[in-house]
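Taken together, the values in this text are just the output of simple stated rules run on the coordinates, not laboratory data. Please read all numbers here as calculations on a predicted model, not as lab measurements. Cβ placement follows ideal geometry from the backbone for every residue including glycine, while neighbour counts extend to all protein chains displayed.
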Amino acid sequence: MPNRSDAGRVGRALSKGSTGSRDKTKISNAKEIGNSHICLEMDVTLGRNVKLSKFINLYGCAIGDETKIGPFVEVQKNATIGKRCKISSHTFVCEGVNIEDSVFIGHGVMFINDRYPRATNTCGKLQTEADWQVEPTIVRAGASIGSGATVLSGVTIGANAIVGAGSTVTKSVPENAIVAGNPARLIRYLAGTDRSAERAECTTIDTPAAPSVSRNNISGR
C-alpha cells in the first residue's frame, strides 16, 4: 500500500508530464493520484508528456501526447482529447466529445451531450443509461474555443475554426470560420481562405451519428 510520500511523487510526476516510455499509459492506482489532488480513475489513458494540473477529475477518457490539462477540469468517460491540446481551467468535457489534435479550449468552456435533459423518467424515477442517448460533438484539429463558451450537443466545429468567448454554439461551424454570439453566428472566415460559397454550412454540416455507449450512475451529466 503506497504511503503519502509515494503518492505525492506519483502526482508530481504526472503533473510534470512523466507518463513513462510507452506511447500510452494506463493509470494503475487511482488512490495514489487522488492523494495528490488529482482524481484519475484506473481506466484513463494518457499519452506521452501529458501535463496535468491539480484538482482535476478524469475517468474513462483518453488524452493524447503533450496535451496540457488545467486545474478544475473534468473529462468524462468516452471522451477523447488529441495531441498537443490545451484545455484551460474550469472546463467540462462530457461523454461523447471528441477533441482532435492541436485544439485550444479556453477557461470555463462547457460541452453538453443531451439537448433535452431530464432528471427523471416517465415513471418518476431517476434516469439511467437506458433512458437517454449521448449526442456526440466533434472539435476538429486546430480549432479554438474562447473562454465561457457553451457547445451544445450534436455539432461539429470545423478545423481551424474560432469560437468567440461567451458564445453559445447551437449549430455546426465550418472550417476556418470565426463565429461569436448567442447563438453563435458567422462573423467571417480567416484571412487567406475563400469560403464564401460555404456560408450555408453553418446550418447544413452533417453531425455525427450518436454512438452506442453504455452509461453508469457516475456520469455526472
Inset, instruction - Would you give the gap between the C-alpha center of the stretch 73-102 and the C-alpha center of the stretch 109-182, rounded to a whole Å? - result: 12
Legend entry - Over 30 Å between alpha carbons, listed pairs Lys54/Lys125; Lys68/Lys171; Lys86/Lys171: Lys54/Lys125
Legend entry - Inter-label distance for Cys123 and Lys54, nm, one decimal - labels placed 7 Å from Cα along Cα-to-Cβ: 4.5
Inset, instruction - Estimate the FRET efficiency between Thr193 and Cys39 by the formula 1/(1 + (r/R0)^6), using the beta-carbon distance for r and 35 Å for R0, to the nearest 0.05. - result: 0.30
Legend entry - Taking N as its residue count, the alpha carbon Rg of the stretch 83-158 over 2.2 N^0.38 Å: 1.24
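Multiply the residue separation of Arg185 and Arg84 by 0.36 nm, subtract the distance between their alpha-carbon atoms, and state the gained length in nm to one decimal.
Length difference between fully extended and current span is 33.6 nm.
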Legend entry - Gain in span if fully extended, Ala165 to Ser147, counting 0.36 nm per residue against the direct Cα distance: 6.0 nm
